[in-house]
Amino acid sequence: MAAKAALYFTVKHNSYICCMSKANAIVMSGIRPTGFLHLGNYFGAMRNYVKLQDQYTCFFMVADLHALTTHPDTKELKENVHRVLAENIACGIDPDKAALYCQSHVRETSELYLYLNMLAYLGELEKTTTFKEKARMQPDNINAGLLTYPVLQTADIILHRATWVPVGKDQEQHLEMARNFVNRFNHRYGNVFPEPLAYNFGEDLVKVPSLDGTGKMSKSENQLATLYLADTDEVIRKKVMKAKTDGGPTAPDSAKPDYIENIFQLMRLVSTTEVIAHYENAYNDCSIRYGDMKKQLAEDMVQFISPIREKAESIRTNESYLHDIMEKGAEKARKSASETMNLVREAMGLHY
Ligand code: TYM
């Protein structure tokens, strides 16, 4: 992996020119171990990881340092890190193809984070949507890590000089900030980093809605309206059947209210084209029965989620297997990180 990466960069007149093309793109992404993974994590991020790992050099990590910004109690961290790893593997990540590792095992991340902090301004950090949301939710713990969260995320990505970052729509602003930090660094110290882009296989970024139509699926909020990859068949059925509906459309071809559109959107993720077409037609000619639609959606969700749940469950408690995977992943990640950090220290003039 590292040998491949070295081909992409050549040193020229004190600047590091990126020769990146689609054929040799580097991919990087991460997930915080702050709760159970859900359908949003799968369709926003992991589905793309699985597609990308066959063709590109991929780095996927469990963002345990980011988790500390909101979850300072570390009692459950180990179990959560193991669960995220197991669920990634159950969803199809192959640790022999992609580097699958834990953020804190690659210490270079923290060094780059420190340098990037000098290029990040208080005003822009305070304006970040996720910072404002989290500051509202934890008014007694508005720590500096929370404020500089997008800086740490940038360090994760550019530590491997990655250009493609498979993420859901909620991460768009963080990627925009990452490009700003990259440009500031390159402008000040020389061209070390390519600009990273949020990535979703040729389509718009995904936001998987919650079942109650009030926002998105989430690890820690809105749990009754979120479908988790660990939910039992019965829980999946119960949650789907509770999704908000109404008496149905009263005129042909009418616009769908948001909460109905959400149910269709979830169906588009897991149901067959025939099933989707059937319910679209039934909606348009006003014959739709939402009870039947939800039953169908519940069964399609069970079909989708249960094999992932069962596979993750069988891996989750195998500590030595997970430990070996993490170590192998961290080794690959450290190799790539140390190459980048040599370029960074040299560009910054830190070689005395
Ligand atoms: P996190 O842990 O909140 O979410 C992990 C991934 O899942 C996506 N996602 C969703 N996509 C669609 N619909 C939803 N309802 C939904 N909920 C979550 C997220 O967009 C994300 O891709 N800051 C990151 C973790 C991170 C990271 C990185 C990501 C740390 N370093 C470097 C990319 C690159 C986060 O909090 O993700």
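Ranked by the mean number of other Cβ atoms within 10 Å of their residues, highest first, the peptides 210-217, 285-292, 343-350, 101-108 fall in the order 101-108, 210-217, 343-350, 285-292. For the chain, the mean projected area of the C-alpha convex hull, equal to one quarter of the hull surface, is 19.4 nm².
Under a point-charge model restricted to the Cβ atoms of Lys and Arg (+1) and Asp and Glu (-1), what is the dipole moment magnitude of the chain relative to its Cα centre, in debye to the nearest 20?
Once rounded to the nearest 20, the dipole reads 660 debye.
Taking Lys and Arg as +1 and Asp and Glu as -1, the other residues whose beta-carbon sits under 12 Å from that of R237 total 0.
Considering only V302, V270, S254, the residue lying farthest towards the positive end of the dipole of segment 231-313 is V302, judged by Cα position with unit charges set on Cβ.
Between K244 and S338, the contour length at 0.36 nm per residue exceeds the Cα-Cα span by 28.7 nm.
The separation of segment 30-64 from segment 311-347, counted between C-alpha centres, amounts to 14 Å. When peptides 255-265, 121-131, 180-190, 56-66 are ranked by their average number of other Cβ atoms within 10 Å per residue, the highest-first order is 56-66, 180-190, 255-265, 121-131. Over segment 231-313, Cα pairs under 8 Å with separation of 6+ residues give a relative contact order of 48 percent.
Classify segment 231-313 from the C-alpha gyration tensor, please: rounded if a/c falls under 1.5, else prolate or oblate depending on whether a/b exceeds b/c.
Prolate shape, in that a/c is at least 1.5 and a/b is the bigger ratio.
Packing, as the average of other Cβ atoms within 10 Å across residues, places the peptides 231-242, 165-176 in the order 165-176, 231-242, highest first. Averaged over its residues, the chain has an accessible area of 47 Å² per residue, based on protein heavy atoms and a 1.4 Å probe. Given contacts defined as C-alpha pairs under 8 Å and at least six residues apart, what's the relative contact order of the chain, whole-number percent? Computed over the chain, the figure is 24 percent. Phi angles of segment 41-56 translate, via the Karplus equation with coefficients 6.51, -1.76, 1.60 and θ = phi - 60°, into HN-Hα couplings of 4, 5, 7, x, 10, 5, 4, 6, 3, 5, 5, 7, 5, 6, 10, 10 Hz per residue; Gly and Pro are given as x. Solvent-accessible area of the chain (1.4 angstrom probe, protein heavy atoms only): carbon and sulfur portion equals 51 percent. The count of lysine pairs in segment 231-313 with alpha-carbon distances below 15 Å, taking only pairs 8 or more places apart or on different chains, stands at 9.
The values are calculated or read from the model by the stated rules, or taken from the named source; none is laboratory data. What you see is a predicted model, and the numbers here were worked out from it, not measured in a lab. Heads up, the Cβs are rebuilt from the backbone with ideal geometry, glycines too, and the neighbour counts pull from every protein chain shown. Just the protein is used for accessible areas: all its heavy atoms, side chains included, with ligands, DNA and RNA removed. Shrake-Rupley method; radii C 1.70, N 1.55, O 1.52, S 1.80 Å.
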